[in-house]
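A short write-up of the structure that comes next.
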Amino acid sequence: MSTAHAEHEHHGAPSGLLRWVFTTNHKDIGTLYLWFAFAMLLVGGSFAMVIRLELLQPGMQWVDPNFFNSMTTMHGLIMVFGAIMPAFVGLANWLVPMMIGAPDMALPRMNNWSFWILPFAGTMLLSTMFMEGGGPNFGWTFYAPLSTTYAPASTDFFIFAVHMLGFSSIMGSINIIATIMNMRAPGMTLMKMPLFVWTWLITAFLLIAVMPVLAGAVTMMLTDRNFGTSFFDAAGGGDPVLFQHVFWFFGHPEVYIMILPAFGIVSQIIPTFARKRLFGYSSMVYATASIAFLSFIVWAHHMFTVGMPVAGELFFLYATVLIAVPTGVKVFNWVATMWQGSMTFELPMKWALAFVILFTIGGFSGLMLGIAPVDFQYHDTYFVVAHFHYVLVTGALFSIIAAVYYWLPKWTGHMYSESLGNWHFWTSIVFVNITFFPQHFLGLAGMPRRIPDYNAAFADFNFMSSIGAFGFGLAQLLFLALVIKCIKGGEKATDQVWEGAEGLEWEIPSPAPYHTFAEAPEVK
Amino acid sequence: MSQASGSYYLPEPSKWPIIGSIGMFTMLFGFASSLSDKTPIMGEGDLTMMYIGMAIIIFMLFGWFGQVIRESESGAYNSQVDTSFRMGMMWFIFSEVMFFAAFFGALYYIRTLSVPWLGGADNNLATNTFLYDGFVPSWPLNVMPDAAAGGYSVFKETIGAWGIPALNTALLLTSGVTCTLAHWALKKGNRTGLTFWLFATVVLGFVFVGFQAYEYIHAYSIGLKLSSGVYGSTFFMLTGFHGLHVTIGAIMLTVMMFRSMKGHFTDENHFAFEAAAWYWHFVDVVWLGLFIFVYVL
């Protein structure tokens, strides 16, 4: 290893700003993705702060309703397409080649393009906020006719931003699939792959299957808006509900795109700190595949109240609750992995445990929403908001944070500050629940989502929720400080970093050299 | 080979992706900007910025593919790199299939569900009575639910399946055969055959596009337009995106023809040709779906 390493010294990282623009190195590109995602997390987070500030008290306080609507819209879009998805792709870039013993991603130049489309797409999306009539104001689901007949002129920029984001995701996913299928070290059979790799393989398949459908949906929007077509206009024989079908055919797999890699991360972390092998590896793989399959046949559970034949309601109800089975398998396996393990609670483990518990809460509220007759009460209330923030914030985001804590020593060569990390964890965990738990009650009591003002009866829980949101937002600045501090220095990390860590990425030096596995390792 | 060891080709840092991103942004921002007077930079209908973006993208495509071709011809790629390219193209074509699936899905939904529902089918009597009383659903839909609204182009007739579309079907199927003949010639080392059959494929492809253009002009002359309600929407968007893909595929095959004339490809190593051929067959299959579901049925 050491001689191979020395050989690489003169092929180390180039310097200067253009290194980052022209790079074809999977670690550089992973870093770019992660920083972009964090920047977008702060942008999307600041929009959330505006929303919670307006909702701190009943009545109209700070912003006008149209701007409020564009805040909820942009918050959702930026978080989904700018923060969560790029963060997972960044993790895949950093980790997949190291985990399977590959020298880099399969198509390194295309890898660069996948990333460098994002800042341009993000700029296009954010530029709408400064245009006449304001930015998109129809919610992140951009239902027609709100996004066609009644939308601001800037919507066409939003449409092309979505096209670019989709293009980036598709290319990134093609790269990930080609890497996993074609670049594995000898002996790294499919059923020996780390679960993070497995979950990303399946996620990439989902992305390639549904991002083009989203492109189709926004293209129909574009022509409905500008070129006289009637896809979503009943007066011309189309149907606004068609938009919802096409959107959610993309949208439901999309939410699993944002959670399957999280399952992979947690399945890497828990065995390390329980010092036991993952319980039920193969059932984890099959459960992931089952969830991916089911994700294609449940989309209309987002539309129970829109008017559907009863047979349709029943089909989507049953298919939806069926997802609880493979998901239950996963949660069971995580718990069984910990059972009688020699557990320690370093920060990655804390975040992973928080994920298991809080994601499960989000899963259960999802189950409630999946039952069509009761969904008629919950639909478009804060109960839905609480549900998807439990799965996306305490689910997807928490897993990303867990992953950063877990692999940061490998990336930087330094241990992070434990005390700062503990502050970050405990403030986050308290505030996130103060933010989102009361929203369940608000929703059950009938408070609709996406409104800037509300009945005074909802005031107390909204006040709590806003205070929690401000706290949770500020807590993430601790995270930023911790990461910067860790990059700059700190206790030297060992190669293995964690006592119980297993896998190829823990056998290379910390920080990981610029090029790894130029010679493929032998996996036994 | 740019890296010290290992056999998988890892490219040097590249300027082409960022140029592609700039081109894409310029093109799409320019297009969006031209769609309204309320948007910044370009006035309504002014496509200058879009064309600049397209030029940048074309420049990028020449530069990027040129570099890949030079690397390939210099023997930098081993069979593992070849497999990566193959997987890349396969999954790209799958993504294209899903793009068309969105439009086909919209067509099926509209034809079999939403238009009958607007006419009161199943339990939708109230929809019909209260929204569009007296609306009688039909396909092709020529009398709009909201007939009074106006703005919808009424067509005299639709494009029959057994005229130009049937001819076009024959053209594309034949071009699939000539494409395979080109491949056989290449594998036998018959350079003249390769170039000839590629030329035949490209000609058939462009004749197809020409016929489509002629058919569009005819359609517009009889009032069948993009604005002819949902029939015109699905008809033009499905056939239009297909025509765009035929054009792209024909351009790809044209490039292959010129490369063949320059002596590129060997009987063993000619992935670029195969990728273009796969794409061509994909376009062919989509057409069969269109012919059946848009024209015949």
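The values are calculated or read from the model by the stated rules, or taken from the named source; none is laboratory data. Given the structure is predicted, the values throughout are model-derived calculations rather than measurements. Note that we place each Cβ from the backbone using ideal geometry, even for glycine, and neighbour counts take in every protein chain shown.
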Next on the checklist: Just the residues that are free of Cβ contacts under 8 Å to residues at least 40 places away in the same chain, part of a loop (DSSP other than H, G, I, E, B), of a type outside the set (A, V, I, L, M, F, W, C) and under 19 Å from A:S230 (Cα atoms), please, taken from region B:127-170.
Outcome noted: B:Y132, B:P137, B:S138, B:P145, B:D146, B:G150
Item to check | Top-ranked residue of region B:208-218 - restricted to ones that are surrounded by fewer than 22 Cβ atoms within 10 Å (Cβ to Cβ) and touching a Ser or Thr at 6+ places or on another chain (Cβ under 9 Å), ranked as farthest from the other protein chains (Cβ to nearest Cβ) | outcome: B:V209
Checklist entry - If you go through region B:82-100 one residue at a time, do you hit one that is under 30 Å from B:F273 (Cβ atoms) and either more than 27 Å from the chain's Cα centre (by Cα) or assigned to a loop (DSSP other than H, G, I, E, B) (or both)? => result no
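The rows are residues; the columns are (1) modelled with pLDDT of 95 or more; (2) in a helix (DSSP H, G or I); (3) among the small types (G, A, S).
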position	(1), (2), (3)
A:M71	yes, yes, no
A:M74	yes, yes, no
A:A83	yes, yes, yes
A:A87	yes, yes, yes
A:L91	yes, yes, no
A:L95	yes, yes, no
A:N112	yes, yes, no
A:F120	yes, yes, no
A:L146	yes, no, no
Item to check | Residue match in region A:87-98 (condition: among the aliphatic types (A, V, I, L, M), within 7 Å of chain B (Cβ to nearest Cβ) and on the phi < 0 side of the Ramachandran plot) | outcome: no
Checklist entry - Does A:L242 meet the test of being more than 7 Å from chain B (Cβ to nearest Cβ) and modelled with pLDDT of 95 or more? => result no
Next on the checklist: Only one of B:S79, B:S114 is among the hydroxyl-bearing types (S, T, Y), crowded, with 19+ Cβ neighbours inside 10 Å and without any contact (Cβ under 8 Å) to a residue 12 or more places away in the chain. Can you tell me which?
Outcome noted: B:S114
Item to check | Index of the failed condition, A:N462 passing every other in (1) touching a helix residue (DSSP H, G or I) at 6+ places or on another chain (Cβ under 9 Å); (2) buried (at least 17 other Cβ atoms within 10 Å of the Cβ); (3) within 14 Å of chain B (Cβ to nearest Cβ) | outcome: (3)
Checklist entry - Which of the residues that make up region A:355-410 are charged (D, E, K, R) and not in a helix (DSSP H, G or I)? => result A:D380
Checklist entry - Hey, which of the helices (runs of 4 or more DSSP H) in region A:1-66, taking only ones fully inside, have at least 2 residues that are at pLDDT 90 or above? => result A:18-22, A:26-55
Checklist entry - Would you call A:A518 out of contact with any His (no Cβ under 6 Å at 6 or more places or on another chain) and part of a helix (DSSP H, G or I)? => result no
Checklist entry - Across region B:17-46, what is the number of residues that are of a type outside the set (G, A, S), facing chain A (nearest Cβ under 7 Å) and over 16 Å from A:T123 (Cβ atoms)? => result 3
Checklist entry - Could you say which residue among A:V246, A:V241, A:V210 is of a type in the set (A, V, I, L, M), surrounded by fewer than 24 Cβ atoms within 10 Å (Cβ to Cβ) and either touching a residue at least 24 places away in the same chain (Cβ under 8 Å) or in a loop (DSSP other than H, G, I, E, B) (or both)? => result A:V241
Checklist outcome for this item: Of (1) more than 23 Å from the chain's Cα centre (by Cα); (2) touching a residue at least 60 places away in the same chain (Cβ under 8 Å); (3) surrounded by 24 or more Cβ atoms within 10 Å (Cβ to Cβ), A:S154 fails just (2)
Checklist outcome for this item: The condition of being within 25 Å of the chain's Cα centre (by Cα), facing chain B (nearest Cβ under 9 Å) and not hydrophobic (A, V, I, L, M, F, W, C) holds, among A:P119, A:P103, only for A:P119
Checklist entry - If you go through region B:32-49 one residue at a time, do you hit one that is surrounded by fewer than 14 Cβ atoms within 10 Å (Cβ to Cβ) and assigned to a helix (DSSP H, G or I)? => result yes
Checklist entry - Can you pull out the residues in region B:106-123 that are in a helix (DSSP H, G or I) and at the interface with chain A (Cβ under 7 Å from one of its Cβ atoms)? => result B:A106, B:Y109, B:I110, B:S114, B:V115, B:L118
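Here is a yes/no grid of residues against (1) under 24 Å from the mean Cα position of the chain (by Cα); (2) surrounded by 18 or more Cβ atoms within 10 Å (Cβ to Cβ); (3) of a type outside the set (G, A, S):
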residue	(1), (2), (3)
A:A481	yes, no, no
A:K492	no, no, yes
A:Q496	no, no, yes
A:P513	no, yes, yes
A:A520	no, yes, no
Checklist entry - Can you pull out the residues in region A:127-144 that are within 13 Å of chain B (Cβ to nearest Cβ) and assigned to a loop (DSSP other than H, G, I, E, B)? => result A:M131, A:E132, A:G133, A:G134, A:G135, A:P136, A:A144
Next on the checklist: Looking at B:G229, B:G193, B:G243, B:G263 in this structure, which one is surrounded by fewer than 23 Cβ atoms within 10 Å (Cβ to Cβ), closer than 30 Å to A:G238 by Cα and either of a type outside the set (A, V, I, L, M, F, W, C) or not assigned by TED's automatic domain parsing to the domain that holds B:S138 (or both)?
Outcome noted: B:G243
Next on the checklist: Checking A:I297 against (1) assigned to a helix (DSSP H, G or I); (2) touching a residue at least 12 places away in the same chain (Cβ under 8 Å); (3) not small (G, A, S), only one condition comes out false. Which one?
Outcome noted: (1)
Next on the checklist: Condition check: at pLDDT 95 or above, of a type in the set (F, W, Y) and either surrounded by 15 or more Cβ atoms within 10 Å (Cβ to Cβ) or closer than 29 Å to A:A209 by Cβ (or both). Does A:F345 satisfy that?
Outcome noted: no
Checklist entry - Tally time: how many residues in region A:452-476 are hydrophobic (A, V, I, L, M, F, W, C), under 10 Å from A:Y382 (Cβ atoms) and in contact (Cβ under 8 Å) with a residue 24 or more places away in the chain? => result 1
Next on the checklist: I'm told A:D375 meets every condition in (1) in contact (Cβ under 8 Å) with a residue 40 or more places away in the chain; (2) out of contact with any Leu (no Cβ under 9 Å at 6 or more places or on another chain) except one. Can you identify the failing condition by its number?
Outcome noted: (2)
Checklist entry - more than 9 Å from chain B (Cβ to nearest Cβ) and either of a type outside the set (S, T, Y) or farther than 30 Å from A:I451 by Cα (or both): does that describe A:F205? => result no
Item to check | Selection from region B:62-72 of residues that are farther than 18 Å from A:S168 by Cβ and within 12 Å of chain A (Cβ to nearest Cβ) | outcome: B:G63, B:F65, B:Q67, B:V68, B:E71
Checklist entry - Does at least one position in region B:51-61 carry a residue that is within 10 Å of chain A (Cβ to nearest Cβ), closer than 30 Å to B:S233 by Cβ and part of a helix (DSSP H, G or I)? => result no
Item to check | Candidates B:L253, B:L290, B:L297, B:L238 - the one that is surrounded by fewer than 21 Cβ atoms within 10 Å (Cβ to Cβ) and modelled with pLDDT of 95 or more | outcome: B:L238
